[in-house]
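Engineer: Okay, here's the structure, questions in a sec.
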Amino acid sequence: MWAMSDTRERPETRIVQDRFEDCIYRPGQVARCPARVPSAPLTPDQLDLLLEEGDQRVGGTVFRTECPFCTACEPVRIDIAAFMPSRSQRRIVRRNEDLAVELGPPTLSRRRVALWNRHRRARGLLTEHSRKDPIGYQEWLVESCAPTTEVRYLLDGRLIAVSLLDLGRRSANSAYHYFDPAHADRSLGVYSVLREIELCRAQGMQWYYLGLWVEDCAALRYKSGYHPHERFVRGTWVAAPRPALEPSEP
């Protein structure tokens with residue numbers, strides 16, 4: 001599961017979708033995120049390289065924002081060796097000490113599809129145009145162009161949260177996370193990040209990538225609460241300042 005490769009060559013990709021659309025993070029803004037398909041599955045080293053260059057992964061594609069009028073989206077990565085959880089984050093870890101964690105391949109099941117849909121509905125992400133069926137889950141969360149593992153969080157043997165974690169040689173990418181809204185008081189989104197950072201630290205990895213951060217988007221603001229971390233600002237990784245107050249999870 002944690003096997004590594006020796007190649008560092010940039011993968012060949014082709015654009016399969018490129019259009020302007022409404023931005024989901026900043027209403028009123030125009031977004032452009034050309035989706036590219038690698039010609040072959042990414043090696044761990046190739047994944048590291050794409051993440052360093054600001055790419056994100058969804059299903060079998062990779063993309064980076066190329067919006068015409070806005071540069072607000074900034075990829076985030078956490079320095080694994082230097083990371084120290086805050087007081088509130090340590091409380092979240094203690095709150096979830098009763099959970100079991102399992103690793104395995106991304107898997108399609110009725111339980112997962114139902115949990116995924118409940119999570120999106122509770123967070124206002126499920127629209128009339130959203131894919132809700134097993135095929136949508138398969139394409140979005142099971143199929144991957146990168147080395148990906150599924151991190152399962154179980155309470156008394158029952159699945160209550162799932163992460164999809166891409167694994168490079170030196171880095172891991174939090175590609176997606178969802179949880180049972182009935183357990184929202186556990187702050188499972190935060191707990192999954194903390195737990196996965198520890199898993200990666202045990203493997204000697206350097207970076208934990210946490211997707212995109214947008215300063216004026218409340219749904220993404222919690223990502224600024226993990227320190228030290230860097231943000232990809234106009235093509236350069238920059239150390240982020242530590243906020244005066246700890247942001248809370250949305």
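Engineer: Return the total of residues in the stretch 203-233 being of a type outside the set (D, E, K, R), assigned to a loop (DSSP other than H, G, I, E, B) and either modelled with pLDDT of 90 or more or more than 18 Å from the chain's Cα centre (by Cα) (or both).
Structural biologist: Residues that pass the stated criteria total 8.
Engineer: A further question on this structure: It is to be established whether one or more residues within the stretch 162-175 are farther than 23 Å from TRP116 by Cβ, in contact with a strand residue (DSSP E or B) (Cβ under 8 Å, 6 or more places away or on another chain), hydroxyl-bearing (Ser, Thr, Tyr) and not in a strand (DSSP E or B).
Structural biologist: no
Engineer: Taking into account only those residues within the stretch 144-160 that are over 15 Å from the mean Cα position of the chain (by Cα) and not in a loop (DSSP other than H, G, I, E, B), which is nearest to VAL193 (Cα to Cα)?
Structural biologist: TYR153
Engineer: While we're here: Return the pair list, or none, for Cβ contacts closer than 6 Å from residues in the stretch 158-187 that are under 27 Å from PRO44 (Cβ atoms) to residues that are among the polar types (S, T, N, Q) and assigned to a loop (DSSP other than H, G, I, E, B), at least 6 apart or on different chains.
Structural biologist: ARG170/GLN206
Results for (1) surrounded by fewer than 19 Cβ atoms within 10 Å (Cβ to Cβ); (2) part of a strand (DSSP E or B), shown as yes or no for each residue.
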residue: ARG36; (1), (2): no, yes
residue: ALA40; (1), (2): yes, no
residue: ASP48; (1), (2): no, no
residue: PRO68; (1), (2): yes, no
residue: THR71; (1), (2): yes, no
residue: ARG77; (1), (2): no, yes
residue: SER88; (1), (2): yes, no
residue: ARG91; (1), (2): yes, no
residue: ASP98; (1), (2): yes, no
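Engineer: Going by the conditions given, is GLY124 without any contact (Cβ under 8 Å) to a residue 60 or more places away in the chain, small (Gly, Ala, Ser) and within 20 Å of ALA175 (Cβ to Cβ)? Spell out how you get there, then give the answer.
Structural biologist: On the way: without any contact (Cβ under 8 Å) to a residue 60 or more places away in the chain: yes; small (Gly, Ala, Ser): yes; within 20 Å of ALA175 (Cβ to Cβ): no.
When the stated conditions are applied, GLY124 does not pass them.
Engineer: Within the stretch 177-193, can one find any residue that is at positive phi and touching a helix residue (DSSP H, G or I) at 6+ places or on another chain (Cβ under 9 Å)?
Structural biologist: Yes, because at least one residue in the stretch 177-193 is at positive phi and touching a helix residue (DSSP H, G or I) at 6+ places or on another chain (Cβ under 9 Å).
Engineer: Another one. Show the residue pairs meeting these rules: Cβ distance below 7 Å; 6+ apart or different chains; first residue within the stretch 80-93 and closer than 27 Å to ARG169 by Cα; second residue aromatic (Phe, Trp, Tyr) and surrounded by 13 or more Cβ atoms within 10 Å (Cβ to Cβ).
Structural biologist: ILE80/TRP207; ILE80/TYR208; PHE83/TYR226; VAL93/TYR191
Engineer: Next question. Among the listed residues SER174, SER130, which satisfies the condition of being modelled with pLDDT of 95 or more and polar (S, T, N, Q)?
Structural biologist: SER174
Engineer: A further question on this structure: For the stretch 234-244, check the following and say yes or no: at least one residue is loosely packed, with under 14 Cβ neighbours inside 10 Å, among the hydroxyl-bearing types (Ser, Thr, Tyr) and at pLDDT 95 or above.
Structural biologist: Checked the stretch 234-244: at least one residue is loosely packed, with under 14 Cβ neighbours inside 10 Å, among the hydroxyl-bearing types (Ser, Thr, Tyr) and at pLDDT 95 or above.
Engineer: Then there's this: Within the stretch 142-153, identify whether any single residue is in contact with a Phe, Trp or Tyr (Cβ under 7 Å, 6 or more places away or on another chain) and surrounded by fewer than 20 Cβ atoms within 10 Å (Cβ to Cβ), and answer yes or no. Quick ask: steps written out before the conclusion?
Structural biologist: Start the filter on the stretch 142-153 by keeping residues that are in contact with a Phe, Trp or Tyr (Cβ under 7 Å, 6 or more places away or on another chain), which leaves none.
Within the stretch 142-153, none of the residues are in contact with a Phe, Trp or Tyr (Cβ under 7 Å, 6 or more places away or on another chain) and surrounded by fewer than 20 Cβ atoms within 10 Å (Cβ to Cβ).
Engineer: Given the conditions (1) surrounded by fewer than 21 Cβ atoms within 10 Å (Cβ to Cβ); (2) touching a strand residue (DSSP E or B) at 6+ places or on another chain (Cβ under 8 Å); (3) under 20 Å from THR61 (Cβ atoms), and given that GLN206 satisfies all but one, which numbered condition is not satisfied?
Structural biologist: GLN206 satisfies all of (1) surrounded by fewer than 21 Cβ atoms within 10 Å (Cβ to Cβ); (2) touching a strand residue (DSSP E or B) at 6+ places or on another chain (Cβ under 8 Å); (3) under 20 Å from THR61 (Cβ atoms) except (3).
Engineer: Taking the stated definitions as given, is VAL62 touching a residue at least 24 places away in the same chain (Cβ under 8 Å), part of a strand (DSSP E or B) and within 23 Å of ALA218 (Cβ to Cβ)?
Structural biologist: When the stated conditions are applied, VAL62 does not pass them.
Engineer: Right, another one. Among what's in the stretch 218-232 and is among the aliphatic types (A, V, I, L, M) and surrounded by 13 or more Cβ atoms within 10 Å (Cβ to Cβ), pick the residue that is nearest to PRO85 (Cα to Cα).
Structural biologist: Out of the qualifying residues, it is LEU220.
The values are calculated or read from the model by the stated rules, or taken from the named source; none is laboratory data. Everything numeric here is computed off the predicted structure, so don't read it as measured data. We place every Cβ from the backbone using ideal geometry, glycine too, and count neighbours over all the protein chains shown.
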